[in-house]
Amino acid sequence: MQDDAHTTTHDAEDDPRNRDILIYVNGALKHRSEAVVSVYDSGFMLGDGMWEGMRLYNGRWAFFEAHMDRLFESCKAVDLDIGMTREEIADALAMTARANDMHSDVHCRLMVTRGVKVRPFQHPSLSRSGPTVVIIMEHSKPAQALATSGIRLATVPQVRGLPMSQDAKYNSHSKLNCVIACLQAEQAGADEGLMLDPHGFVNTTNACNFFIVRKGEVWTSTGDYCMNGVTRANVIALCRQNGIPVFERNFSLVDAYGAQEAFLTGTFGAQTPVASIDGKPIGVEGGQGPVLRQIRALYAELVARDTGGPLSG
């Protein structure tokens, strides 16, 4: 077992401004100490809701339309009426950012639940208040150490991705499956859990999408059993547009152990190197290398084009 110091792909530099942020709760802005929802809320009671994580750069939300596509499609699939248009969500985001004097290096968690129940039971018809919408924004720069030391992964027994039970493409409030995987990784002395798909192929981590680099080729899972990550899709597209061979395919742990580079993708950290898997070091640069450096540079340029300025932080 490794030491007890754990990092995650969501480690951020401390920012004292976050102690007094205002949080959007159903149209009202409330200090974080007073921003609450009912204990009868279906999100609290059952994890019945969907959410999106987004980042604000240069006063604009990166890849906003892609995030809205995923949110509205997921809510439609589970008959959850958000009660707001995309334009109204954009206005709520702008109001919250303005109230907090936030312009860049900001992370947002936009949450939508089925709303408050009249009785504490499962059936969706008991949620009759209309949806609950919450927007939490924080001043948030990824911890610099993540870019150099990387993340330690441990393969965990918790499987992710059975679409007939809970499809991994739902960015739902029901995250117990991933929480269990995270606990299993921590018990193994790692930072995050590397989860396999139902067939035993390498899939994703408990929090992010997973990529490896072998002999200049970028590999990731088929996408059948993992979150359809916005950053994942952007990385795949950037590779295809810039002559980097990229494959969505089945591969096993032996392929991952032998990779020259490995990294995670997610809205918060963009691309985070993986230093080791099951105690086995990846490559000679802690999971980093020329391919990841090229992808990072291309991604920063993409963010700049989408938001009208550089990717700071």
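The values are calculated or read from the model by the stated rules, or taken from the named source; none is laboratory data. Because the structure is predicted, anything quoted here is derived from the model rather than measured. Note that we place each Cβ from the backbone using ideal geometry, even for glycine, and neighbour counts take in every protein chain shown.
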| For the stretch 9-63, which strands (runs of 3 or more DSSP E) that fit wholly inside it have 2 or more residues that are closer than 15 Å to His107 by Cβ? | 22-25, 49-57
| query | For residues in the stretch 238-264 being within 18 Å of the chain's Cα centre (by Cα) and among the aliphatic types (A, V, I, L, M), which is farthest from Val303 (Cα to Cα)? | reply | Ala262
| task | Sort through Phe251, Phe247, Phe211, Phe263 and tell me the only one that's among the aromatic types (Phe, Trp, Tyr) and in contact with a helix residue (DSSP H, G or I) (Cβ under 6 Å, 6 or more places away or on another chain). | result | Phe263
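Being of a type in the set (Asp, Glu) and either within 21 Å of Ala97 (Cα to Cα) or buried (at least 18 other Cβ atoms within 10 Å of the Cβ) (or both) is the filter here; which residues of the stretch 41-84 pass it? It would help to see each step written out before you state the result.
Our first condition is that a residue be of a type in the set (Asp, Glu); within the stretch 41-84, this holds for 41, 48, 52, 65, 69, 73, 79, 81.
Those that are of a type in the set (Asp, Glu) and either within 21 Å of Ala97 (Cα to Cα) or buried (at least 18 other Cβ atoms within 10 Å of the Cβ) (or both): Asp41, Asp48, Glu52, Glu65.
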| message | Just to confirm my filter: which helices (runs of 4 or more DSSP H) fall fully inside the stretch 64-156 and include at least 1 residues that are among the β-branched types (Val, Ile, Thr)? | response | 86-99, 144-149
| query | Is the stretch 181-200 home to any residue that is touching a Phe, Trp or Tyr at 6+ places or on another chain (Cβ under 7 Å) and within 30 Å of Met102 (Cβ to Cβ)? | reply | no
| task | Evaluate the stretch 300-312: report whether one residue or more is in contact with a helix residue (DSSP H, G or I) (Cβ under 9 Å, 6 or more places away or on another chain), within 17 Å of Leu146 (Cα to Cα) and touching a residue at least 24 places away in the same chain (Cβ under 8 Å). | result | yes
| task | Give me a count of the residues in the stretch 142-158 that are under 16 Å from Cys226 (Cα atoms) and touching an Asp or Glu at 6+ places or on another chain (Cβ under 7 Å). | result | 1
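Results for (1) closer than 30 Å to Ile277 by Cβ; (2) over 21 Å from the mean Cα position of the chain (by Cα); (3) assigned by TED's automatic domain parsing to the domain that holds Ala62, shown as yes or no for each residue.
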position	(1), (2), (3)
Glu88	no, yes, yes
Leu93	no, no, yes
Cys108	no, no, yes
Ile135	no, no, yes
Val156	yes, no, no
His173	yes, no, no
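Please tell me if Gly216 is on the phi > 0 side of the Ramachandran plot and out of contact with any helix residue (DSSP H, G or I) (no Cβ under 7 Å at 6 or more places or on another chain).
For Gly216, the condition - on the phi > 0 side of the Ramachandran plot and out of contact with any helix residue (DSSP H, G or I) (no Cβ under 7 Å at 6 or more places or on another chain) - is not met.
Scan the stretch 247-302 for residues that are small (Gly, Ala, Ser), within 17 Å of Glu217 (Cβ to Cβ) and either surrounded by 19 or more Cβ atoms within 10 Å (Cβ to Cβ) or out of contact with any Phe, Trp or Tyr (no Cβ under 9 Å at 6 or more places or on another chain) (or both) and jot them down. Show your work before the answer.
Let us first name the residues in the stretch 247-302 that are small (Gly, Ala, Ser), namely 252, 256, 258-259, 262, 266, 269-270, 275-276, 279, 283, 286-287, 289, 297, 300.
In the following step, the residues that additionally are within 17 Å of Glu217 (Cβ to Cβ) were identified as 252, 256, 258-259, 262, 283, 287, 289.
Result: Ala256, Gly258, Ala259, Ala262, Gly283, Gly287, Gly289.
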| Filtering the stretch 45-86 down to residues that are among the polar types (S, T, N, Q) and over 18 Å from the mean Cα position of the chain (by Cα), which residue is nearest to Met137 (Cα to Cα)? | Asn58
| query | Could you list, in sequence order, the residues of the stretch 173-189 that are closer than 16 Å to Leu71 by Cα and crowded, with 18+ Cβ neighbours inside 10 Å? | reply | His173
